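These notes concern the structure reproduced below.
The values are calculated or read from the model by the stated rules, or taken from the named source; none is laboratory data. It should be emphasised that the depicted structure is a prediction, and the values quoted were computed from it without experimental measurement. No Cβ is skipped: glycine too gets one built from the backbone with ideal geometry, and neighbour counts run over all protein chains shown. Accessible surface is based on the protein model in full, side chains and every heavy atom, while ligands, DNA and RNA are left aside. Shrake-Rupley method; radii C 1.70, N 1.55, O 1.52, S 1.80 Å.
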Amino acid sequence: MMSETTMTILGTSGAGKTCYLLSMYHKMCIGMNGFTITTDDDTDVDLRHRYDQMKDRSLGNRRFPAGTDGRSQYEFTLECGYKPIMSFSWDDYPGGYLDVKGTGDMDSYKQIEQSILNSSCLFICIDGTLLQGDDIDEKISAIRDDCSIYINPFFSKYRKEHGALPPTAFVITKWDICAPDNSSDDLIKIISEAFSPFFEAGKTGKTMAAIIPVSIDLYSNSTEPGKRMRPYDIELPIFMGIFFALQNKINNDKQNKTSLQNQISNERSTFRSFLFGDSDSVKQMNTDVRAIQNKLNINQQNLKKIFSQLEANVPLFFINGKQGKFSDIFEKRDAND
Ligand SMILES: Nc1nc2c(ncn2[C@@H]2O[C@H](COP(=O)(O)OP(=O)(O)OP(=O)(O)O)[C@@H](O)[C@H]2O)c(=O)[nH]1
Ligand SMILES: [Mg+2]
């Protein structure tokens, strides 16, 4: 089955992409404010099994997944109140694929590029290990050397070929080990300097970026075997991705509705229609308009719920390089309805 949208996560080897996927799936299976995700049975068994291993503290460092050695694609459906909202696909691949000059693997690189092209939102995974300590300049250099250097050229090229960049979440992983060393202002300074193209006033269209610190386990130091893992904000990047995807879907549906309505009024303005009433095709189009309107109503409600999560929990959000709020784009949208 083709998913309705794609989420692409970019990050170098060891940044935490696979752990994020396992933790996010676990958390969203249990559910978060009425939102859950589902997948096919085989994937479910596989992801659960790998999560169970990861939570088994008695295994020491062996509990973590081995470095990813090839690309795998996962298909998920986000549901609210157990009703599907939207399907999305998720790629997990070795971070080394981003370093095309190092690996020389052009095919894998092209696949990632294609995946970005299909994405309504990007996640850039930043290794929290690089944010330890209190020397800000050192952190900026570390992130530039280990992360931006692979990601920024990729995006300059991307932007040249495809125009604007999709909305992007800078996902800071391993927040459990670097939270005390970084205030919100530090994070803004570090990320905006290391990834300046995302924070410049949009010369090439609108840029939207968020900084979202996450952790798979706030008790990562614990060796107590039965201690449950405690994830932190692991669901927020997914909510952001769905928010933008759902917005696109709603906009498409609105366009479809308007064009059907135009067709209906064109047909109705004919003499034939005046004499004999609505044709079968007009009746069908009217039914279709009602179906689209029902879908729109449901999706608007879902969008509103996701919006509230983001508005309350993602304060580090930037529109064309300036700090803003999700309500700056959401309420404007509503006003245009
Ligand atoms: N403390 C802490 N460590 C984490 C967290 N997430 C991941 N790690 C550590 O980071 C290591 C690498 O994580 P992975 O998810 O395998 O990294 P990856 O990005 O998938 O790496 P590749 O598959 O090589 O591209 C894990 O083995 C864990 O030790 C976290 O939230 N907190
Ligand atoms: Mg991996």
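List the residues, sorted by chain then number, that are 5 or more residues from Ala169 or on another chain and whose placed amide H is less than 5 Å from its amide H.
Leu122, Phe123, Ile124, Ala210
Starting from the Cα of Lys322, draw a straight line to each of the lysines and keep only those under 28 Å, dropping any in the same chain fewer than 8 residues away.
Once the sequence-local lysines are set aside, what remains near Lys322 is Lys17, Lys139, Lys157, Lys160, Lys174, Lys189, Lys203, Lys206, Lys249, Lys304, Lys305, Lys332.
Select from region 187-235 those GluC sites (Glu not before Pro) which occupy a DSSP coil region and have at most 15 other Cβ atoms within 10 Å, ordered by residue number.
Hits after loop and neighbour filter: Glu200.
Between helix 236-268 and the chain, what is the angle of the helix's C-alpha long axis to the longest principal axis, kept within 0 to 90° and rounded to the nearest 10?
10
For a Förster distance of 35 Å, can you work out the FRET efficiency between the beta-carbons of Asn33 and Ser269, rounded to the nearest 0.05?
0.15
Using only Cα atoms, find the angle between the long axis of helix 17-30 and the longest principal axis of the chain, and express it within 0 to 90 degrees, rounded to the nearest 10.
60
In angstroms, what radius of gyration and Dmax does region 88-140 have, counting Cα atoms only?
14.5, 40
Just to confirm the filter: which trypsin sites (Lys or Arg not before Pro) across region 138-241 are DSSP coil and have at most 14 other Cβ within 10 angstrom of their Cβ?
The qualifying sites are Lys203, Lys206, Lys227, Arg228.
Determine the sum of side-chain charges near Leu59: Lys and Arg each +1, Asp and Glu each -1, restricted to other residues whose C-beta is under 15 angstrom from that of Leu59.
+2
With θ taken as phi - 60° and the coefficients 6.51, -1.76 and 1.60, list the Karplus ³J(HN,Hα) couplings across region 77-88 in order, rounded to whole Hz; mark glycine and proline as x.
Here the 3J(HN,Hα) series is 10, 8, 10, 10, x, 6, 9, x, 9, 6, 8, 8 Hz.
Per residue, how big is the convex hull of region 5-234 when only Cα atoms are used? Give it in Å³.
Looking at region 5-234, the number lands at 134 Å³ per residue.
Which whole-number percentage describes the relative contact order of region 5-234, with Cα contacts under 8 Å and a sequence gap of 6 or more?
24
List the residues, sorted by chain then number, that are 5 or more residues from Arg230 or on another chain and whose placed amide H is less than 5 Å from its amide H.
Amide H to amide H, under 5 Å and 5 or more residues apart or across chains, Arg230 pairs with Leu218, Tyr219.
Of all the accessible heavy-atom surface of the chain, with the other protein chains kept in place and a 1.4 Å probe, what percent is carbon and sulfur?
That share works out to 49 percent.
Could you pull out every one of the aspartates and glutamates with an alpha carbon less than 15 Å from that of Lys254, ignoring same-chain neighbours closer than 8 positions?
By straight Cα distance, Lys254 reaches Asp288, Asp334, Asp337.
Based only on Cα atoms, what Rg/Rh ratio does region 25-101 have, Rh being taken as Kirkwood's radius?
1.04
Once phi is turned into ³J(HN,Hα) by the Karplus curve 6.51 cos²θ - 1.76 cosθ + 1.60 with θ = phi - 60°, what whole-Hz value does each residue of region 188-198 show in order, with x for glycine and proline?
Per-residue couplings from phi come out as 4, 4, 5, 5, 6, 7, 7, 10, 4, x, 7 Hz.
Can you give the angle from 0 to 90° between the axis of helix 106-117 and the longest principal axis of the chain, with both taken from C-alpha atoms, to the nearest 10?
Taking the Cα atoms of the chain, the angle to 106-117 is about 50 degrees.
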